[in-house]
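A short worksheet on the structure shown next.
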Amino acid sequence: MGKGKAPRRTLDSYTLRNINKTIKAGDCVLMRPAERSKPQYVARIERIVADARGGNVKVHVRWYYRPEESIGGRRQFHGSKEVFLSDHYDVQSADTIEAKCTVHSFKSYTKLDAVGNDDFFCRFEYNSATGAFNPDRVAVYCKCEMPYNPDDLMVQCEGCSD
């Protein structure tokens, strides 16, 4: 007779010894990619579980995709720190977490005084199966009629506020 699955328990938080940080559901993290030449993956922790003894800690995550990982790829208006909240869920070892990060709303990101290595922004949700975005439209600005890219300088007209 085979062994049954070991009972798992949900943890409110977990301290990552390798980075000396505590994580909890709702936190955003940078996760180690399989190939070291690739950028770290960005994920939001949905749940943390451990075996009955508190070991073998796993994190249930919801992935953020970078524009180049989406159908259609990176576009001119995508910021260098832009990510899309996807419908792709996964379970990973907590040992693959390399750092905590912050995924800001687009509006709060544009108001940051300084953008750090662990700051990202999200203005779209992304369906990984269909390639659809929500919202499926974004406001355009300027004579170029492109969506705002926070990496590019834009000058506002004092007369019409465009």
Open item on the list: Less than 13 Å from a label point 7 Å out along the Cα-to-Cβ axis of ASP90: which backbone N atoms in segment 108-136 qualify, by residue?
Closed with: none
Task: For peptides 21-28, 68-75, sequence by mean Cβ density within 10 Å, most packed first - done: 21-28, 68-75
Task: Cα-based Lys pair tally, segment 9-147, threshold under 19 Å, eight or more apart or on separate chains - done: 10
Open item on the list: Rounded to the nearest 5, what % of DSSP beta bridges with both residues in segment 9-147 are antiparallel?
Closed with: 80 percent
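Each value in this text was obtained by applying a stated rule to the coordinates, not by laboratory testing. Just so it is clear, the model here is predicted, and its values are computed rather than measured. Don't worry about glycine lacking a Cβ; one is built from the backbone with ideal geometry, like all the others, and counts go over all protein chains shown.
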